[in-house]
Amino acid sequence: MTKEIWLNLPVKDVQQSRAFFVSLGFKFNEQRSMGDDAACMLIGEKNVVIMLFKESIFESFTQKKSANLNEGSEILISIDAANREEVDELAAKAAAAGGIVFGKPGENQGWMYGCGFSDLDGHRWNVLHMDLSKMPK
């Protein structure tokens, strides 16, 4: 059975995207990164891999054009936050680094607090802090 999952995202400029995510606090695996062609971003305690591939390389893998993210969304990547302050902090960092906060930090369904932002290439991210003690049973 599989041991890991890797998400692959097309980006226009690997180095700019890398700088954006570094400013948000994400780390990278240098051994799996390939200069201007790809960067291996690690998320969370389990180090889920998100590969940022230059669009032309991504398209060679998929044998399709990359989605036009100005017209639609191809994925919503959700990540958890330790607390509300971390949600607020990530939203502020994303905006300061050139991303677009499309969902300002706020309460959702009485037990979740989150925000949504788009990165430099328009990929949409959802950051959530979930208070499971308030989750409906």
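Just want the answer: with Cβ charges of +1 for Lys and Arg and -1 for Asp and Glu, which residue in Thr2, Gly44, Trp111 is farthest toward the dipole's positive end in the chain?
Thr2
Run the numbers on segment 72-137 and let me know its relative contact order in percent, using alpha-carbon pairs under 8 Å that are six or more apart.
Taking the mean separation of contacting Cα pairs over the length of segment 72-137, I get 37 percent.
What number of lysine-lysine pairs in the chain show an alpha-carbon separation below 21 angstrom, given a sequence spacing of 8 or more or placement on distinct chains?
Lysine pairs satisfying the spacing and distance rule in the chain number 13.
Run the numbers on the chain and let me know its relative contact order in percent, using alpha-carbon pairs under 8 Å that are six or more apart.
21
What nm distance separates the two modelled labels at Phe102 and Lys137, each placed 7 Å from Cα along Cα→Cβ?
Taking the simple label geometry, Phe102 and Lys137 are separated by 3.7 nm.
For Leu76 and Glu30, FRET efficiency with R0 = 22 Å and r from the beta-carbon atoms, rounded to 0.05?
Taking R0 as 22 Å, the efficiency between Glu30 and Leu76 is 0.20.
So what is the calculated 222 nm ellipticity per residue for the chain, using -39500 (n - 2.57) for each DSSP H run with n of 4 or more, over all residues, to the nearest 500 deg cm²/dmol?
Theoretical 222 nm ellipticity from helices: -7000 deg cm²/dmol.
What is segment 34-86 by shape, rounded, prolate or oblate, if you read a ≥ b ≥ c off the alpha carbon gyration tensor as root eigenvalues and call it rounded for a/c under 1.5, prolate for a/b larger than b/c, and oblate otherwise?
Oblate is the answer for segment 34-86, as a/c is 1.5 or above yet b/c matches or exceeds a/b.
If one takes the longest principal axis of the Cα atoms in the chain, at what angle in degrees, from 0 to 90 and to the nearest 10, does the Cα axis of helix 14-24 lie?
Its long axis makes an angle of about 20 degrees.
Going by alpha carbons, how many degrees (0 to 90, nearest 10) lie between the helix axis of 84-96 and the longest principal axis of the chain?
Orientation of helix 84-96: about 40 degrees from the principal axis.
If the only charges are +1 at each Lys and Arg Cβ and -1 at each Asp and Glu Cβ, what is the size of the charge dipole of segment 38-85 around the Cα centre, to the nearest 20 debye?
Using only the charged Cβ atoms, the result is roughly 140 debye.
For an R0 of 22 angstrom, estimate the FRET efficiency from the Cβ-Cβ distance between Lys3 and Lys64 and round to the nearest 0.05.
Between Lys3 and Lys64 the formula returns 0.20.
With every protein chain present, what is the per residue accessible area of the chain (1.4 Å probe, Å²)? Mind dumping the intermediate values first?
Details: 8580 Å² over 137 residues.
On a per-residue basis, the chain sits at 63 Å².
The values are calculated or read from the model by the stated rules, or taken from the named source; none is laboratory data. Predicted model, so just to flag it, every value in this text is computed and none were measured. With ideal geometry, Cβ positions are generated from the backbone for all residues, glycine too; neighbour counts draw on all protein chains shown. When the accessible area is computed, the model is the full protein with side chains, heavy atoms only, and any ligands, DNA or RNA have been set aside. Shrake-Rupley method; radii C 1.70, N 1.55, O 1.52, S 1.80 Å.
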